[in-house]
Amino acid sequence: MDIEAWLKGLGLEVYAEAFAENDVDAQTLARLTAGDLKDIGAIKTGRGYELPNANSNDNELKGVNEFIRGVTPAGPNLTVIKTAIGAAQRVALALDRSDWPEMIGNIGGDDTVFVASDSSSGQKILIAKIERARA
């Protein structure tokens, strides 16, 4: 099985490099459990488990990623984003405009943004999306 072609067919080609770097092949995929899928941020839908679209609305955050200094979970539903001084409100606005479903809302201060997520798995997905946008 050609994993890269399979991912492309699902619209998830952005994950191909990570799969290759981690030696994920058809045998690895066949051994995944529901717990494994949850750990990597897969979401159970009516069609089965799906990975969130990594490209969705990432451009909003890419415009302000130079201001982000760190991303840290603070409990299962709160994420703290440290920014350059005076940049938190710009980062918060970019997060709002990204319209990511895992994010319930945020508050931007001077150099810190608090982001509330819908669940602990939503928080993991949100942090992964922020980290991808920063890359």
Completion exercise
Taking segment 82-102 and keeping only residues that are small (Gly, Ala, Ser), in a helix (DSSP H, G or I) and farther than 20 Å from VAL14 by Cβ, one is left with ALA88, ALA92
Exercise for the section: Scan segment 103-135 for residues that are of a type in the set (Gly, Ala, Ser) and assigned to a loop (DSSP other than H, G, I, E, B) and report the count. Expected result: 3
Problem - Condition check for LYS38: in a strand (DSSP E or B), closer than 30 Å to MET1 by Cα and at pLDDT below 85 - result: no
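Okay, residues lined up against (1) within 14 Å of LEU126 (Cα to Cα); (2) in the same structural domain as ILE127 (by TED's automatic domain parsing); (3) polar (S, T, N, Q); (4) at pLDDT 85 or above:
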site	(1), (2), (3), (4)
GLU17	no, no, no, no
LYS44	no, no, no, no
PRO76	yes, yes, no, yes
ALA84	no, yes, no, yes
Practice task
State which residue pairs qualify: first residue farther than 16 Å from ARG132 by Cα and inside segment 1-24, second residue surrounded by 13 or more Cβ atoms within 10 Å (Cβ to Cβ) in any location, beta carbons under 6 Å apart, and separation of 6 or more residues or different chains.
Solution key: ILE3/PHE19; GLU4/ALA16; LEU7/GLU13; LEU7/TYR15; LEU7/ALA16
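The values are calculated or read from the model by the stated rules, or taken from the named source; none is laboratory data. None of the values given here were measured: they were computed from a predicted structure. Don't worry about glycine lacking a Cβ; one is built from the backbone with ideal geometry, like all the others, and counts go over all protein chains shown.
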